[in-house]
Amino acid sequence: MELRQLRYFLTVTEAGSLSKAASVVGIAQPALSRQIRALEDEIGVQLFYRHGRGIRVTEEGAQFHAAIGPLLQELEQIKSDLGDAARIPAGTITFGMPPSMSAAIGAEIVSQFFALYPQVRLHLVDGFSGFVNEWLAAGRIDMAVINNARKAPYIRMDKLLEVDLLLFGRKQDIEDLAPQKETFRTPDLVGLPMMLVGRNHGLRRELDGAMQRLGLELNVKAEIDALVPLKKLVQEGHGFSVLPHGAIPRGIDNDEFAFRRLVEPALSQRFMLAYSLQRPTTLAMRELARRVRIELAKAVADGRVVGRMSTGALAEPE
């Protein structure tokens with residue numbers, strides 16, 4: 001029984017299909033199928049049902065998964081701990097961030113890692129938190145900044161930052177709604193044509209929850225899970241959006257756009273630093289977490305991000 005076969009088995013079980021698992025582990029599907037059959041032959045039980053629509057884990061396969069999953073994770077942690085003994089961060093980290101955070105501190109984090117930890121290969125990806133959560137669940141990324149996430153058994157979350165939510169629109173439209181003001185009442189969003197991210201994202205859950213508590217309903221004209229077209233549609237006058245401060249470009253108070261902070265009630269978005277529990281927390285990951293906190297504190301101090309660092313956010317990560 002080879003360690004590689006056990007890893008393949010875990011990946012197939014978690015992916016739910018041979019084709020998806022083959023893509024994750026980077027080998028051809030027929031080769032992966034042969035490895036799984038060889039494992040079944042060696043242990044003498046059928047691990048998967050094969051059918052026309054794909055595969056499904058058997059009862060014996062589920063028991064096998066429950067038994068070897070913690071063992072492989074412990075082996076990976078031992079390997080990581082031995083590497084940590086040298087106290088030189090190394091390896092590869094895939095790190096996810098929402099667009100607002102990526103725009104504010106993404107380049108700074110990568111450049112600092114280039115300089116401080118040349119033996120670490122950092123892969124930075126950005127996407128709305130709903131997508132980043134899915135990537136964590138699938139084990140596609142090691143750690144991430146996410147917002148307003150639901151508790152899940154596959155991730156650990158540490159509090160990081162809280163930022164205000166803003167009504168965002170063309171400058172003339174915003175000034176017509178709230179002239180000479182810096183704020184806008186949340187209940188007055190009703191009736192405005194809104195273009196928002198989808199319901200699986202933390203920002204949208206926060207906004208929908210507030211409106212539900214007020215007994216009101218938004219006029220959602222479109223759901224758009226991409227920041228660039230969302231801003232373009234606002235620029236063209238199709239409606240308004242609600243975004244965190246970091247998602248608003250620097251110098252936004254110009255002839256095109258304006259924003260107002262939402263009040264009565266004030267709405268905010270809480271960001272957390274999340275780790276996939278499917279992978280060991282390496283020394284390099286702990287150093288990355290520390291660097292994220294440092295760069296974020298700088299961004300808050302110089303106004304690139306308007307928010308409040310969470311209590312303990314500058315402490316060393318666990």
Protein-only accessible surface order, largest first, of M195, M309 at 1.4 Å: M309, M195
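Can you figure out the FRET efficiency of V306 with A31, using R₀ = 35 Å and their beta-carbon distance, to the nearest 0.05?
Details: r = 52 Å, r/R0 = 1.47.
Rounded to the nearest 0.05, the efficiency is 0.10.
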Rolling a 1.4 angstrom probe over the protein chains, ignoring ligands and nucleic acids, what is the accessible area of I224 in square angstrom, nearest 10? 20 Å²
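FRET efficiency for K298 and E256, Cβ-Cβ distance as r, R0 = 30 Å, nearest 0.05? All intermediate terms of the calculation are to be shown ahead of the outcome.
Numbers: r = 28 Å, r/R0 = 0.93.
The pair K298/E256 has a calculated efficiency of 0.60.
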Candidate aspartates and glutamates - alpha carbon under 16 Å from K231, same-chain residues fewer than 8 apart omitted: D173, E223, D253, D255, E256
Which length gain, in nm to one decimal place, applies between L124 and E236 when the Cα-Cα distance is subtracted from 0.36 nm times their residue separation? 37.2 nm
Full extension from R185 to V263: what is 0.36 nm times the residue separation minus their Cα-Cα distance, to one decimal in nm? 27.6 nm
Label-point separation (nm) for R213 and T92, each offset 7 Å from Cα along Cα-to-Cβ? 4.3 nm
What is the calculated FRET efficiency for K20 to E42, with r their C-beta to C-beta distance and R₀ = 25 Å, to the nearest 0.05? 0.55
By how many nm would the segment from S111 to R290 grow when fully extended, if each residue of separation counts as 0.36 nm and the alpha-carbon distance is taken off? 63.0 nm
For segment 13-58, what does the alpha-carbon gyration tensor say about shape, rounded, prolate or oblate, given a ≥ b ≥ c as the root eigenvalues, a/c under 1.5 as rounded, and a/b over b/c as prolate? oblate
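The values are calculated or read from the model by the stated rules, or taken from the named source; none is laboratory data. Fair warning: this is a prediction, and the values are worked out from it, not measured in the lab. Counting neighbours? That spans all protein chains shown, and the Cβs are built from the backbone with ideal geometry, glycine included. Ligands, DNA and RNA are stripped out before the accessible areas are found, and what is left, the full protein with its side chains, is counted by its heavy atoms. Shrake-Rupley method; radii C 1.70, N 1.55, O 1.52, S 1.80 Å.
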